[in-house]
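Visitor: Below is a structure I'd like to ask you about.
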Amino acid sequence: MKVHVTDLEGNTKEIEGTIGWTLMEVIRDGGVSIKAECGGACACATCHVYVADDWMDQTGERTEEEEDMIDLALDVQDGSRLACQIELTEALDGLKVTLARDAIL
Amino acid sequence: MTTETHETDVIIIGAGPCGLFAVFELGLLGLKTYLVDILDRAGGQCAELYPEKPIYDIPAIPMCTGQELTDRLMEQVKAFDPVFHFQEMAEGLTKLDDGRWELTTDQGTKIVAHVIVIAAGGGSFVPKKPHLEGLAEYEDTSVFYAVRKIDAFAGKRIVIAGGGDSALDWALNLQPVAEKVTLVHHRDGFRAAPASVDAMHALVDAGKMEFKIAQLAGVNGDGTKMTSVRVKSKTDGESDIPADALLPFFGLTMKLGPIADFGLNLNENLIPVGTEKFETSIPSIFAIGDINTYPGKLKLILSGFHEAALMSQAAFLVCRPGERLRFQYTTSSSDLQKKLGVR
């Protein structure tokens with residue numbers, strides 16, 4: 001499976017995903033810089049990504065814990081998610097996300 | 001600002017789990033330690049990011065929270081009397097003529113030691129700043145990431161942004177002295193304590209505070225003085241809130257900070273070390289825990305503990321040249337047990 005990750009400059013990289021891994025882990029190991037300071041504990045909001053409009057149904061709703069953590073994210077949009085809280089499944093093959101600034105800077 | 005100079009054997013930058021365990025290992029060898037940490041308490045990421053989250057991979061502790069791990073480490077190092085300098089950032093490092101190091105903090109503290117141990121994890125925790133054009137121009141005059149004196153906000157029109165405890169607590173604490181407080185948050189839901197949220201809603205209902213569901217979009221002013229904060233809302237679009245002060249509270253993020261200027265070799269904000277001593281490219285400066293890198297490195301607390309033990313052996317030889325390093329077990333050594341205060 002593949003995921004497509006766009007950075008701040010608008011460059012998109014296709015990354016090989018692994019089902020069962022989180023999106024954060026796949027981005028981190030796929031050679032795209034992402035802060036993910038807490039390492040995936042849903043404790044920091046520095047793996048903030050924007051899920052593309054046409055993928056929001058497949059990635060589902062934010063959990064309550066994630067929603068609370070997104071209170072610490074900057075520039076929140078409808079597609080705002082924490083990449084550590086999206087577990088990759090077959091249905092997410094081709095997923096498109098854009099990194100938020102607070103996941104990089 | 002203090003001008004007193006402290007002297008010790010080892011300065012540890014960072015009071016997270018690895019820095020704390022280094023106090024223990026160095027203490028067993030009879031070495032005194034000072035710790036400098038930008039947070040107001042020990043524990044590093046364990047205390048700041050996940051105090052309530054469970055950790056399952058500390059050897060012999062099937063489960064503990066980040067805070068419990070910190071508390072246990074603090075108990076373990078107590079006998080060694082480490083000196084903590086909290087809310088201070090290690091800023092400058094100078095080599096003295098006698099071969100020791102002098103570390104200066106942003107609060108003016110000077111500490112002299114034989115050895116520096118960098119146990120700074122992901123770097124210093126610093127406030128997350130909104131990405132707004134021109135914001136930096138007003139920092140410290142109109143834009144603040146912390147409140148030092150409530151009086152400084154008396155009679156001011158304040159915009160507070162965020163939905164966590166800091167945002168809500170300061171909105172409530174500043175409301176009585178401010179001319180006006182407007183809380184700006186992206187949703188009508190908060191991660192802050194429910195009691196604070198209720199208190200905020202009560203003030204809003206009484207007309208004593210304003211709450212706007214919106215996000216920061218910009219700051220306006222003449223370059224020296226901010227005059228209003230621009231916000232954008234999904235329903236109403238963009239608007240300006242006249243304001244003298246903006247307080248954004250979006251938590252903390254980690255930045256390497258002044259350590260980057262210590263002259264050490266760096267590899268993508270990590271400090272390369274050898275795996276025998278965990279020494280950096282500069283002799284008598286060591287790096288342990290998440291901040292270092294070497295072939296096979298794993299960012300695990302247990303790896304940092306191992307690194308602290310090996311580093312301490314090498315640090316002893318720097319601090320006590322000519323003395324023989326005695327390898328002992330806490331189980332059987334009366335010397336170590338005396339140091340631990342159990343004999």
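The values are calculated or read from the model by the stated rules, or taken from the named source; none is laboratory data. Note that the structure is a prediction, hence the values are computed from the model and not measured. All Cβ positions, glycine included, derive from the backbone under ideal geometry; neighbour counts span all protein chains shown.
Visitor: State yes or no: is B:PRO176 within 14 Å of chain A (Cβ to nearest Cβ) and exposed (fewer than 13 other Cβ atoms within 10 Å of the Cβ)?
Guide: no
Visitor: Further question on the same structure: Out of (1) small (Gly, Ala, Ser); (2) buried (at least 24 other Cβ atoms within 10 Å of the Cβ); (3) within 14 Å of another protein chain (Cβ to nearest Cβ), the odd one out for B:ALA22 is which?
Guide: (3)
Visitor: Can you find even one residue in segment B:203-217 that is within 30 Å of B:VAL117 (Cα to Cα), basic (Lys, Arg), at pLDDT 95 or above and surrounded by 16 or more Cβ atoms within 10 Å (Cβ to Cβ)?
Guide: no
Visitor: Now for a separate question. Checking B:GLU268 against (1) touching a residue at least 60 places away in the same chain (Cβ under 8 Å); (2) within 14 Å of another protein chain (Cβ to nearest Cβ); (3) of a type in the set (Asp, Glu), which single condition isn't satisfied?
Guide: (1)
Visitor: Give just the number: which of (1) modelled with pLDDT of 95 or more; (2) out of contact with any helix residue (DSSP H, G or I) (no Cβ under 9 Å at 6 or more places or on another chain); (3) polar (S, T, N, Q) does B:SER196 not satisfy?
Guide: The number of the failed condition is (2).
Visitor: Only one of these conditions is not met by B:ALA195: (1) within 19 Å of B:GLY207 (Cα to Cα); (2) assigned to a loop (DSSP other than H, G, I, E, B); (3) free of Cβ contacts under 8 Å to residues at least 12 places away in the same chain. Which number is it?
Guide: Condition not satisfied by B:ALA195: (2).
Conditions tested, residue by residue: (1) within 22 Å of B:ARG191 (Cα to Cα); (2) part of a strand (DSSP E or B).
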residue	(1), (2)
B:ALA217	yes, yes
B:ASN220	no, yes
B:GLY223	no, no
B:VAL229	no, yes
B:GLU238	no, yes
B:ILE241	no, yes
B:LEU247	yes, yes
B:PHE250	yes, no
B:ALA260	no, no
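Yes/no matrix, rows are residues, columns are (1) under 21 Å from B:GLN76 (Cβ atoms); (2) without any contact (Cβ under 8 Å) to a residue 40 or more places away in the chain:
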| site | (1), (2) |
| --- | --- |
| B:GLY251 | no, no |
| B:PHE327 | yes, yes |
| B:SER333 | yes, yes |
| B:LEU336 | yes, no |
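Visitor: Please state which one of B:GLY155, B:GLY121 is of a type outside the set (Phe, Trp, Tyr) and facing chain A (nearest Cβ under 10 Å).
Guide: Of B:GLY155, B:GLY121, the one residue that is of a type outside the set (Phe, Trp, Tyr) and facing chain A (nearest Cβ under 10 Å) is B:GLY121.
Visitor: Quick check on segment B:179-194: of everything there that is within 26 Å of the chain's Cα centre (by Cα) and small (Gly, Ala, Ser), which residue is farthest from the other protein chains (Cβ to nearest Cβ)?
Guide: Among those residues, the one meeting the criterion is B:ALA193.
Visitor: Next question, about the same structure. Is one or more of the residues making up segment B:77-91 among the charged types (D, E, K, R) and either within 16 Å of the chain's Cα centre (by Cα) or over 30 Å from B:LYS338 (Cα atoms) (or both)?
Guide: yes
Visitor: Can you tell me which residue within segment B:69-87, out of those that are among the acidic types (Asp, Glu) and either without any contact (Cβ under 8 Å) to a residue 24 or more places away in the chain or farther than 12 Å from B:TYR34 by Cα (or both), is surrounded by the most Cβ atoms within 10 Å (Cβ to Cβ)?
Guide: Result: B:ASP71.
Visitor: Which ranges mark the helices (runs of 4 or more DSSP H) fully within segment A:15-105 that have 1 or more residues being within 9 Å of chain B (Cβ to nearest Cβ)?
Guide: Answer list for segment A:15-105: A:64-69.
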